[in-house]
Amino acid sequence: MGALFDHDASGDHFCSASVVHSPGKDLVLTAAHCIHGGQGSGYRKDIVFVPSYRDGAAPNGTWRVSALVVDPRWTKTSDPDLDVGFVILRPLHGRHVEDVLGADNLGVNTPFGRPVRLTGYPSSGQEPISCVNTTIRQSARQLRVNCVGFPGGTSGSPWLTGYDPAAGTGTVIGVIGGFQEGGDTADVSYSPYFGADVRKLYERAVALDGGGKKR
């Protein structure tokens, strides 16, 4: 996983994101509000993904964007249940991001009450923070988890179940986002429930992978 920056690694990092497995091996998952402002707004421009960022260093490179993908209904209504987005990256030095870092699997229709690991980048910090806790049903289409000290910048952080410490990967079943754009306090975080809408959005992103188009 890594941080999303304006322009390059010397800019401001404003959200978190993680690589998810896809046939094109270029796909990164985050919150929709990290890459599109929702109703009345548009896609962010000139952003990059910096995996494994720490203390100003980008050990796994700075990855530029080919396309940004959110649900069309998010662009019209800012529906918090649709606050999920995908970033399609350009290859770096001829390599795909998944070949360099590995990837999480995308999990959909996962039961509530699963243990998850959250990792994200506070906008005021220079290294990631992590927390482990169990998901709670906030509503039929929203998850909640109590993790202390997840402030601004951690939006888009993956919620991983079945985490493998050796590989650093798992199955991502949520991202910080959704209700209150992820939470109005640093100690409670939310995520849209990953169901059929997220599966369809993933399939759209896979179809666009390498196309260099925004939809």
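The values are calculated or read from the model by the stated rules, or taken from the named source; none is laboratory data. Computed from a predicted model, the values in this text were never measured in an experiment. Methodologically, a virtual Cβ is constructed for each residue, glycine included, from the backbone with ideal geometry; neighbour enumeration extends over all protein chains shown.
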List every residue pair whose Cβ atoms sit under 8 Å apart, with the two residues 6 or more apart in sequence or on different chains, where the first one lies in the range 42-65 and is assigned by TED's automatic domain parsing to the domain that holds LEU92 and the second, anywhere, is basic (Lys, Arg) and assigned to a loop (DSSP other than H, G, I, E, B). TYR43/LYS214; TRP63/ARG90; ARG64/ARG90; VAL65/ARG90
Report whether or not GLY24 is touching a strand residue (DSSP E or B) at 6+ places or on another chain (Cβ under 6 Å), among the small types (Gly, Ala, Ser), more than 15 Å from ILE176 (Cα to Cα) and not in a strand (DSSP E or B). no
If a residue must be surrounded by fewer than 21 Cβ atoms within 10 Å (Cβ to Cβ) and of a type outside the set (Lys, Arg), how many such residues does the range 82-95 contain? 4
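Okay, residues lined up against (1) surrounded by fewer than 19 Cβ atoms within 10 Å (Cβ to Cβ); (2) farther than 15 Å from GLY120 by Cβ; (3) out of contact with any Pro (no Cβ under 8 Å at 6 or more places or on another chain):
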site: ARG141; (1), (2), (3): yes, yes, no
site: VAL148; (1), (2), (3): yes, no, yes
site: SER155; (1), (2), (3): no, no, yes
site: TRP159; (1), (2), (3): no, no, yes
site: PRO165; (1), (2), (3): yes, yes, yes
site: GLY177; (1), (2), (3): no, no, no
site: ASP187; (1), (2), (3): yes, no, yes
site: SER191; (1), (2), (3): no, no, yes
